[in-house]
Amino acid sequence: MSSIETATTRTQRAEAPQKIRQRGRFGASALTILTWVIALTFFAPVLWMVLTAFKQESAAASSPPSFFFEPTLDQFAAGLSAGAGAYFLNSLIATGVSTILVIVLAVPAAYAVSIRPVKKSSDVLFFFISTRMLPVVAVIMPIYVIAGQLKVLDNIGTLIVLYTSMNLPIAVWMMRSFFQEVPAEVLEAAQMDGAGLIKTLRTILMPMVMPGLAATALICVIFAWNEFFFALNLTAANAATVPVFLVSQMTSEGLFLAKLSAASVLASLPVVIAGWLAQKQLVRGLSMGAVK
């Protein structure tokens with residue numbers, strides 16, 4: 001009897017790891033399915049916007065929604081003929097120039113508060129990030145008055161200055177984290193070899209933090225490209241950007257859903273393309289510790 005019980009116990013012990021592996025595989029499969037469901041749920045509105053952009057206005061406003069329709073490019077043609085090119089050019093200039101200025105200013109500032117900390121650098125960092133705590137609506141009036149006195153309303157240069165100041169604190173904090181990931185031994189070796197500050201920054205630090213630099217630049221591009229409040233209140237005809245163009249597609253009379261969807265797809269393409277081109281650097285940059 002004892003031998004039978006012993007054999008049964010051994011069999012149960014042998015089957016236990018297999019049951020654990022089966023439960024593990026089931027849990028992994030369930031987690032994968034749940035992840036796909038969540039991802040598709042978040043992506044569904046974007047997919048619907050893209051599909052609506054290829055519809056006629058009557059099909060876009062139909063109830064219940066029409067899933068089968070004849071695709072058309074009329075809405076894209078209407079958006080381009082409405083002067084979308086000028087809005088896109090203004091956004092490209094404001095976003096590109098402000099991002100370059102942010103990187104140029106953020107790199108030495110981040111170096112100063114991470115690798116060569118200045119006195120009370122923590123207070124400096126808190127001041128940088130505290131500027132992001134102020135609501136934009138609280139400063140629009142003084143900015144509007146100052147811009148009016150300087151006669152720079154509806155000027156792309158005004159947006160460049162504002163976008164630079166808006167993104168600079170975030171860029172400094174992100175680049176500081178990337179610089180802190182650089183091993184101190186590398187900097188000590190460069191110093192022993194006689195490399196100066198500029199040479200160390202240009203030939204050693206920048207190649208090592210390039211993924212983080214790409215991630216920082218992409219974040220600045222997204223924030224500047226999507227900025228709406230300043231562009232709406234400080235521009236009119238000459239310096240209006242893409243978000244202002246999107247608002248102009250909504251009218252109080254008639255149908256505009258398909259036209260607005262087409263304009264939104266066009267407005268999203270530059271950021272999507274930039275993210276796709278920088279995806280490898282972005283993943284490496286975020287894994288370096290930019291988001292903690």
Next item on the list: Could you please find all residues in the range 201-223 being open to solvent by less than 10 Å² (accessible area, probe 1.4 Å) and assigned to a helix (DSSP H, G or I)?
Entry: L205, P211, G212, A215, T216, C220
Check: What do you reckon, is P108 open to solvent by less than 90 Å² (accessible area, probe 1.4 Å), touching a helix residue (DSSP H, G or I) at 6+ places or on another chain (Cβ under 9 Å) and part of a helix (DSSP H, G or I)?
Finding: yes
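Could you say which residue among P183, P169 is more than 19 Å from the chain's Cα centre (by Cα) and more than 25 Å from L269 (Cα to Cα)? Reasoning before the result, please.
Details: P169 fails: more than 19 Å from the chain's Cα centre (by Cα).
Residue meeting the stated conditions: P183.
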Next item on the list: Please verify whether the range 152-161 includes one or more residues that are under 25 Å from S122 (Cβ atoms), open to solvent by 40 Å² or more (accessible area, probe 1.4 Å) and at pLDDT 90 or above.
Entry: no
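The values are calculated or read from the model by the stated rules, or taken from the named source; none is laboratory data. Fair warning: this is a prediction, and the values are worked out from it, not measured in the lab. Backbone-built Cβ (ideal geometry, glycine too); neighbour counts: all protein chains shown. For accessibility, only protein heavy atoms count, side chains too; no ligands or nucleic acids. Shrake-Rupley method; radii C 1.70, N 1.55, O 1.52, S 1.80 Å.
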